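Presented below is the structure to which this report refers.
The values are calculated or read from the model by the stated rules, or taken from the named source; none is laboratory data. This is a predicted model, so every value here is computed, not measured. Please note: Cβ atoms are built from the backbone with ideal geometry, for glycine as well, and neighbour counts cover all protein chains shown.
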Amino acid sequence: MQTKRSTFSNKWLPYALLAPQVIITLIFFVWPASQALIQSVYRQGDAFGIRPPTFVGFRNFMLLFEDALYLNSLKVTLIFSVGTTLLSMSVALLFAVMVNRMIRSRDSYTTFLVWPYAIAPAIAGVLWWFIFNPNIGILPYVLQGVGYNWNHRSSSNDAMILIIIAAAWKQISYNFLFFLAGLQSIPHSLIEAAAIDGASRMKRFWTIVFPLLSPITFFLMVVNIVYAMFDTFGVIHATTEGGPAQATNILVYKVFRDGFVNLNIGSSAAQSVILMGIVIVLTVVQFRYIERRVNY
Amino acid sequence: MVENNRWGNFFAHLVLIIGVALVVFPVYVAVIASTHPSGTFLRGVMPLLPGPNALENYRTVIFEGRSRAGTPPIGGMLWNSFIMAMAITIGKLSISIISAFAIVYFRFPFRIFFFWVIFLTLMLPVEVRIVPTFQVVANLGMLNSFAGLSIPLIASATATFLFRQFFMTVPEELMEAARVDGAGPMKFFKDILLPLSITNIAALFVIMFIYGWNQYLWPLLITTDPEYYTIVMGIQRMVTGGDSEPLWHLVMATVTLAALPPILVILFMQRLFVKGLTETEK
């Protein structure tokens with residue numbers, strides 16, 4: 001890793017400058033993470049200190065993968081993240097392509113489309129929960145008109161659709177900004193050349209623009225999956241609370257429930273370790289992508 | 001544009017206007033609901049036009065709260081959120097700018113090691129290690145305090161990286177000139193590097209403020225004393241407290257007030273926001 005050609009020489013100053021960041025990282029990141037690793041291979045002692053914690057190896061992990069509830073949570077997380085990513089990215093791409101055609105009105109549309117980024121996931125959840133409220137919500141009223149009886153309190157599908165819409169809505173701004181930046185960096189000459197060769201607008205989009213956007217699309221896919229898996233805790237906690245019948249109990253929410261409500265520390269720690277593994281894999285994938293983009 | 005297509009442009013505007021309407025709709029509904037008396041929400045469908053009770057609803061949530069349901073007045077919660085967001089933002093910016101300075105402008109043993117320790121924080125979001133982090137904070141006696149709300153969230157690999165990238169682009173000559181004139185490292189940092197970094201600091205400030213304001217899980221875990229509730233987590237208490245339907249007019253007034261500060265920050269500093277967002281992710 002490079003530094004400047006010439007550097008200051010001072011024995012203790014660099015350590016003093018790094019100290020606050022490193023101390024906080026060690027206390028609040030590295031130490032708890034290692035605790036999670038340790039707890040994940042122990043069976044917790046009882047509250048009275050009669051039975052001490054016992055080492056159980058990978059038993060906590062094995063129990064998890066035999067647990068129907070955990071497997072269900074994996075499935076729910078998969079559906080939820082794929083749904084959120086697809087919905088949010090496709091809507092954002094559509095908006096970005098349309099806004100990119102505009103000249104004078106580009107900035108005003110952008111302003112209207114970026115601010116949902118400011119809304120906390122929990123608030124996004126509450127907003128859509130209100131709109132979809134089975135008693136007074138406007139959308140169930142409309143759906144009633146076409147003969148669909150919406151109720152996210154009893155129907156698993158409805159609950160899943162609700163949290164996907166809420167989570168995707170908040171993320172549109174982010175994807176939109178990146179797609180718009182990507183579209184603006186595509187050389188105009190390529191598109192003109194294709195137009196001269198007689199390629200229609202649709203054909204130009206699918207054979208030139210879309211492939212050139214693929215690095216950004218890939219990057220956004222990773223970011224969106226990370227978002228859906230880890231940042232959407234608020235959406236679930238403020239609305240469905242994992243229900244009905246475990247239908248929206250995503251992994252992050254389950255770690256919280258098992259750790260703080262059911263007080264099953266060993267299992268919660270094992271789940272934390274699995275989640276850390278997922279984050280590390282996704283981060284590595286993301287960094288591989290950045291390295292590749294340099295060539296592009 | 002390659003060709004000018006009148007119908008195409010009309011169609012694009014149409015898609016965008018419908019799109020903007022859909023994106024704005026949830027917030028519009030919230031603002032409208034916050035202006036109605038409670039009776040409106042007992043039956044029928046939610047209103048789509050403003051009602052007469054705006055002033056009264058906002059006065060109720062800000063100053064009185066609902067003592068029966070255990071939600072304090074949200075004036076205090078807004079203030080707590082502001083303190084937490086500012087503490088997280090200023091804390092993150094200061095510790096990451098000085099550590100980036102150390103990493104770029106000094107050569108010392110274990111430099112790479114420290115760089116990786118900082119990098120680790122990228123991989124360990126609060127959500128995946130909540131139970132042990134909570135235990136650490138509880139053991140340090142930081143529950144129900146502003147220190148507990150902000151300090152554990154202050155370490156930030158992204159800000160450190162951004163400042164590092166930026167410092168690498170600062171011309172070498174500046175530092176050499178400063179050294180020839182006899183300026184020490186801290187003087188160089190304060191008089192040359194900081195003024196050059198102002199735009200980057202401002203852009204990150206916008207992103208970090210929104211991040212801090214929107215914290216949810218962390219305040220939920222470590223505050224049990226209503227004195228320290230923040231607004232975003234306070235809403236959850238209003239919505240899910242009890243089996244009865246929430247008092248939608250008050251909930252939506254709270255939602256509006258909770259969402260307003262970060263939205264204003266984005267609207268007034270859009271350019272800095274876009275810069276901060278697109279550059280922190282590179």
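With respect to the conditions (1) assigned to a helix (DSSP H, G or I); (2) modelled with pLDDT under 90; (3) within 30 Å of A:L37 (Cα to Cα), A:Y70 falls short on a single one, namely (2). Condition check: in contact with a Gly (Cβ under 6 Å, 6 or more places away or on another chain) and either aromatic (F, W, Y) or in a helix (DSSP H, G or I) (or both). Does A:F80 satisfy that? In short, no. Considering B:V137, B:V126, B:V131, the condition of being facing another protein chain (nearest Cβ under 7 Å), buried (at least 17 other Cβ atoms within 10 Å of the Cβ) and under 26 Å from A:G234 (Cα atoms) is satisfied by B:V131 alone.
Looking across the range A:94-124, the residues that are in a helix (DSSP H, G or I), closer than 22 Å to A:I161 by Cβ and out of contact with any Ser or Thr (no Cβ under 8 Å at 6 or more places or on another chain) come down to A:L94, A:F95, A:A122, A:I123, A:A124. Of the candidates B:I103, B:I118, B:I151, the single residue that is out of contact with any Lys or Arg (no Cβ under 9 Å at 6 or more places or on another chain), at the interface with chain A (Cβ under 10 Å from one of its Cβ atoms), among the β-branched types (V, I, T) and surrounded by 22 or more Cβ atoms within 10 Å (Cβ to Cβ) is B:I118. The residue pairs whose first member lies in the range A:226-252 and is at pLDDT below 85, whose second member is part of a loop (DSSP other than H, G, I, E, B) and among the aliphatic types (A, V, I, L, M), and whose beta carbons are closer than 7 Å, counting only pairs six or more residues apart or on different chains, do not exist in this structure.
May I ask you to say which residue of B:M168, B:M186 is exposed (fewer than 14 other Cβ atoms within 10 Å of the Cβ), facing chain A (nearest Cβ under 10 Å), in a helix (DSSP H, G or I) and not hydroxyl-bearing (S, T, Y)? If you could, list the steps in order and put the result at the bottom.
Values: B:M186 fails: exposed (fewer than 14 other Cβ atoms within 10 Å of the Cβ).
One residue alone meets the criteria, B:M168.
Results for (1) in a loop (DSSP other than H, G, I, E, B); (2) of a type outside the set (K, R), shown as yes or no for each residue.
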| position | (1), (2) |
| --- | --- |
| A:N157 | no, yes |
| A:I163 | no, yes |
| A:L177 | no, yes |
| A:L183 | no, yes |
| A:I186 | yes, yes |
| A:E192 | no, yes |
| A:G198 | yes, yes |
| A:K203 | no, no |
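Which one of these is at pLDDT 80 or above and within 20 Å of B:G148 (Cα to Cα): B:W213, B:W248?
Working: B:W248 fails: within 20 Å of B:G148 (Cα to Cα).
Being at pLDDT 80 or above and within 20 Å of B:G148 (Cα to Cα) holds for just one of B:W213, B:W248, which is B:W213.
Report whether or not B:L250 is assigned to a helix (DSSP H, G or I), facing another protein chain (nearest Cβ under 7 Å) and surrounded by fewer than 24 Cβ atoms within 10 Å (Cβ to Cβ). No. Filtered by the rule that a residue be at positive phi and touching a residue at least 60 places away in the same chain (Cβ under 8 Å), the range A:127-162 gives no residues. Among the residues of this structure, B:I201 does not count as one that is more than 20 Å from B:E279 (Cβ to Cβ) and in contact (Cβ under 8 Å) with a residue 60 or more places away in the chain. Between A:I138, A:I186, the distinction of being surrounded by fewer than 21 Cβ atoms within 10 Å (Cβ to Cβ) and either within 12 Å of chain B (Cβ to nearest Cβ) or closer than 30 Å to A:S73 by Cβ (or both) belongs to A:I138 only. Would it be correct to say that B:R59 is under 29 Å from A:L282 (Cα atoms), without any contact (Cβ under 8 Å) to a residue 24 or more places away in the chain and assigned to a helix (DSSP H, G or I)? The answer is no for B:R59.
Need a quick list: helices (runs of 4 or more DSSP H) entirely within the range B:76-151 having at least 1 residues that are farther than 30 Å from B:T60 by Cα and of a type in the set (D, E, K, R). Break it down stepwise before answering.
Details: elements: B:111-123, B:130-139, B:146-150.
Once the helices (runs of 4 or more DSSP H) in the range B:76-151 are filtered for at least 1 residues that are farther than 30 Å from B:T60 by Cα and of a type in the set (D, E, K, R), what remains is B:111-123.
On the basis of being surrounded by fewer than 20 Cβ atoms within 10 Å (Cβ to Cβ), in contact (Cβ under 8 Å) with a residue 12 or more places away in the chain and of a type in the set (A, V, I, L, M), does B:L220 make the cut?
No.
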